[in-house]
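To start, the structure itself, in structure tokens.
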Amino acid sequence: MNVPGRPSTLIRQPEAVLHLRNQRWVWTAVITAFFVVLAFLFLIPLYWMTISSLRPQAEIFSAGTKLLPSTATLDNYRRLLSDVPYPRWFMNSLLQSTGYAVVTVIICTMGGFALSKYRFRLRNPIFILILLSQMIPFHLLIVSLFLLIIELGLVESYLGAILPLAAHPIGIFFMRQYMLSLEDEMLDAARVDGANEYRMFFSVVLPNVKPALSTLFILFALEYWNNLLWPLIVFRQPQNMPLTVGIASLVNQYRVQYDLVMAGSTLATLPFIVLFFFLRRQFTEGFAAYGTGIEK
Amino acid sequence: MSQIKAFLTSRKIAPFVFLAPYLILFSVFKVWPVIQAVKISFTRFQGLQNQTWIGLQNYEALLSNPRFSMALRNTTIYTVGTLLVLIPLPLILAVLLNSGRVVKGTVFRIVLFLPALTSLVVVGSVFRLLLGRDGFLNSALGLFGVEPLRWLEVAGLTLPSLILLAVWRWTGINIMYFNAGLVNISKELYEAAAIDGANARQIFWRITLPLLKPTTLFVVIISIIGGFQVFVEPFILFVNGESPGNSALTIAVLIYRTAFLSFQFGPAAAMGVILAIIIFILSLLQFRYFGAFKKEA
């Protein structure tokens, strides 16, 4: 549409249009090239980790900028299995992450349902208190939590690692927001059919929030899998440690055994990279809703 | 019996039953430890059992503790440094990725996001290798004639090393936040601006940037809160967080070391209280001056 007084692309000369198109094409090429360079820079640490884990032990330090090892070897992985309890660490991470994700998803789903679909006194104060708790730095709590789990006899135990982290403010906030969109009519229909509140929760609410459940589950599992601070305080025995604490114990030495560390790091990173390619939507949705610091 | 059952399944009681597990864990592992932490910050420990009330002595000692002021300084520099890079860079990258001028944009989004999936322990270990004296970074810079730098051994380079690590780790996530903000800006605004003859630069400054303000604020807030709590990166990059001349000592590292390497619980708790107050004040200032939650609640 031609509006008087407004320059329109329609009245430009053909050569000018061609010139513009050329310019556009050049810009696309330049910007894309910039992103190619950036992507390579960003891939360096992950590439270096993986390739270092395949280098002969003596070469890891002196590799310079050599992008490929002189000979690829699995020796580092063999030593990782024989010199340190790596399989134990991996199993501990797997079980603790799963346990943490299960417990946290359950209590956040139940709590989020109460905060979104019922009216009761204290609902808003409770909700605000939970949101405010997001501001508490974990480092304020480490001393008193440490003394508390000693008193409760939970040192070196999975429960001691999981329970203190489970009252997750963002988890319950996420479920509450998600459940606000559930229709009240649907719940009332279940009530009219004679279901009590708990039956209704299991048979009507849960099936309708499945996507939120899987998003939260993946995110919490990732969060625990990558967490260092609290497991570092709970576990001192090598056989109970998760991967992060185990790898940290190998790194926190003046002469680091980079052969073991790189092999261990590669194996620890792989699972969630693979999962990410299968479940990208859950990851990005989760991160987007998640916001505040996934780890502290 | 049936009366009790009817009571427990009633619509009045059900929400409390649903909330109970969360609230119990919340009280035991959040509320109670906060109260305890404040209490511990006023006490001196001799062994785990023997505690004496010493008033404000732990706080007074902190005022004259050079390590604590060093940690405050470093943490502030680190936070400001990361903000200076991790706000403009991801914002520009997100705008470019949304401009339709990037071929295969999704691939770049994925690559830049991958660091977000890695454990900071792993990231710290890999960067310690990359930044070593004969490491990849020095070798690569050497190709351009740059003399090798002692990234992790010289006081002036330790914080830049930490910031470099942070840029690698968080750029992709921040792109995702900015992208979420960009998608919400109505296409019609851009079309109207194009009809009015606005060029790309004008559109960016007059439309994109002002409308991204809420997103930018959100990213600034979480970056500040996260920055002040930075722990794993310096803890792994330097052995047990012990950096040359304490040049990369952060508040969180100092709290951990005070509590679990020196076993001085009182001073550690006092530092925790101060850290909490700092974060609380910064959050309040932001809510107040930028009204981040005005639309909600």
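Every read-out reported here was derived from the displayed coordinates using simple, explicitly stated rules and does not represent laboratory data. Just so it is clear, the model here is predicted, and its values are computed rather than measured. Cβ placement follows ideal geometry from the backbone for every residue including glycine, while neighbour counts extend to all protein chains displayed.
Rounded to the nearest 0.05, what FRET efficiency do A:Gln57 and A:Arg280 give with R0 = 41 Å and r taken as the Cβ-Cβ distance? Could you check?
That gives a FRET efficiency of 0.70.
Ranked from largest, the principal axis spans of the Cα set of the protein assembly as shown equal 87, 70, 50 Å. Estimated from the Cβ-Cβ distance and a Förster radius of 56 angstrom, the FRET efficiency linking B:Leu143 and B:Ile54 is about 0.45. With the dipole of chain B worked out from charges on the C-beta (+1 for Lys and Arg, -1 for Asp and Glu) around the Cα centre, which of B:Pro15, B:Ser161, B:Asn179 lies farthest toward the positive end? Of the options given, the answer is B:Pro15.
I'd like the mean, over residues of A:116-127, of how many other protein chain beta carbons sit within 10 Å of each residue's own Cβ.
3
What do you get for Rg/Rh of the range B:104-167 when both radii come from the Cα atoms and Rh is the Kirkwood radius? Over the Cα atoms of the range B:104-167, Rg/Rh equals 1.05. Each Cα pair of the range A:82-239 feeds into the Kirkwood radius, which the Stokes-Einstein equation turns, at 20 °C and 1.002 mPa s, into a diffusion coefficient of 122 µm²/s.
Given the pairs A:Lys117/B:Lys104; A:Lys117/B:Lys30; B:Lys30/B:Lys213; A:Lys117/B:Lys187, which are separated by over 31 angstrom at their Cα positions?
With Cα atoms farther than 31 Å apart: A:Lys117/B:Lys104; B:Lys30/B:Lys213; A:Lys117/B:Lys187.
If only the Cβ of Lys and Arg carry +1 and only the Cβ of Asp and Glu carry -1, the dipole of the range A:68-176 around its Cα centre is close to 620 debye. Set against the 2.2 N^0.38 Å expectation for a compact globular protein, the range A:105-197 has a Cα radius of gyration ratio of 1.38. For the range A:204-250, the Kirkwood radius over C-alpha pairs fed into Stokes-Einstein at 4 °C and 1.567 mPa s yields D = 104 µm² per second. Dividing the Cα radius of gyration of the range A:178-285 by 2.2 N^0.38 Å, with N the residue count, gives 1.62. For the protein assembly as shown, the Cβ-based charge dipole about the Cα centre amounts to some 780 debye (Lys, Arg positive; Asp, Glu negative; other atoms uncharged). Dipole of the protein assembly as shown computed with +1 at Lys/Arg Cβ and -1 at Asp/Glu Cβ about the Cα centre; of A:Ala248, B:Pro33, A:Tyr47, farthest Cα towards the positive end is B:Pro33. Estimated from helices alone, the mean residue ellipticity of chain B at 222 nm is -20500 deg cm²/dmol (sum of -39500 (n - 2.57) over DSSP H runs with n ≥ 4, per residue).
GNM remark for chain A: springs join alpha carbons under 10 Å apart, and the peak mean-square fluctuation among A:Ser97, A:Ser157, A:Ser144 falls on A:Ser144. When the alpha carbon gyration tensor of the range B:203-297 is reduced to an equivalent ellipsoid, its three semi-axes come out at 35, 17, 8 angstrom, largest first.
3J(HN,Hα) along the range A:75-92: 3, 4, 5, 4, 5, 4, 7, 9, 8, 10, x, 4, x, 4, 4, 5, 5, 4 Hz, from the Karplus curve 6.51 cos²θ - 1.76 cosθ + 1.60 with θ = phi - 60°, whole Hz, x for Gly and Pro. Packing here is the average count of other Cβ atoms within 10 Å per residue, and on that basis the peptides B:167-173, A:29-35, highest first, run B:167-173, A:29-35. Net charge in the neighbourhood of A:Gly111 (other residues with Cβ under 12 Å of its Cβ; Lys, Arg +1, Asp, Glu -1) is +3. Between the C-alpha center of the range A:194-239 and that of the range A:81-136 there is a gap of 6 Å. Over the range B:137-257, the ratio between the Cα radius of gyration and 2.2 N^0.38 Å evaluates to 1.50. Positive-end ranking of B:Gln264, B:Gly105, B:Ser243 along the dipole of the range B:57-290, with charges on Cβ about the Cα centre, is headed by B:Gly105. Comparing mean-square fluctuations of A:Val36, A:Val143, A:Val205 from a GNM of chain A with C-alpha springs under 10 Å, the top value falls on A:Val36. Would you compute the Debye intensity of the range A:166-229 from its alpha-carbon atoms alone, equal scatterers and no solvent, and pass along log10 I(q)/I(0) at q = 0.12, 0.15, 0.22, 0.30 Å⁻¹ to two decimals? Debye output, listed in q order: -0.40, -0.57, -0.94, -1.27.
Taking the convex hull of the alpha carbon positions in chain A and averaging its projected area over all directions gives 27.1 nm².
Annotation for B:Ile24 and B:Arg201: the two label points, set 7 Å from Cα along the Cα-Cβ direction, are 6.4 nm apart.
Springs between Cα atoms under 10 Å define the GNM used for chain B, and in it the highest mean-square fluctuation of B:Phe231, B:Phe280, B:Phe265 occurs at B:Phe280. Working note: Debye formula, equal point scatterers on the alpha-carbon atoms of chain B, no solvent; log10 I(q)/I(0) at q = 0.08 Å⁻¹ is -0.52. Normalised by residue number, the volume inside the convex hull of the Cα atoms of the range A:43-169 is 194 Å³ per residue. Could you give the distance between the Cα centres of the range B:4-64 and the range B:196-221, to the whole Å? So the two Cα centres are separated by 44 Å. For the range A:18-73, the Cα gyration tensor yields ellipsoid semi-axes of 39, 9, 8 Å (square root of five times each eigenvalue, largest first, whole Å).
Straight-line cross-link partners of A:Lys66 among the aspartates and glutamates, defined as a Cα under 19 Å from its Cα and at least 8 positions apart when in the same chain: A:Asp259, B:Asp134, B:Glu147.
Taking every residue in A:40-48 and counting other chain Cβ atoms within 10 Å of its Cβ, the average works out to 6. Extension gain, A:Gln239-A:Asn196: 0.36 nm per intervening residue step, less the Cα-Cα distance, totals 10.9 nm.
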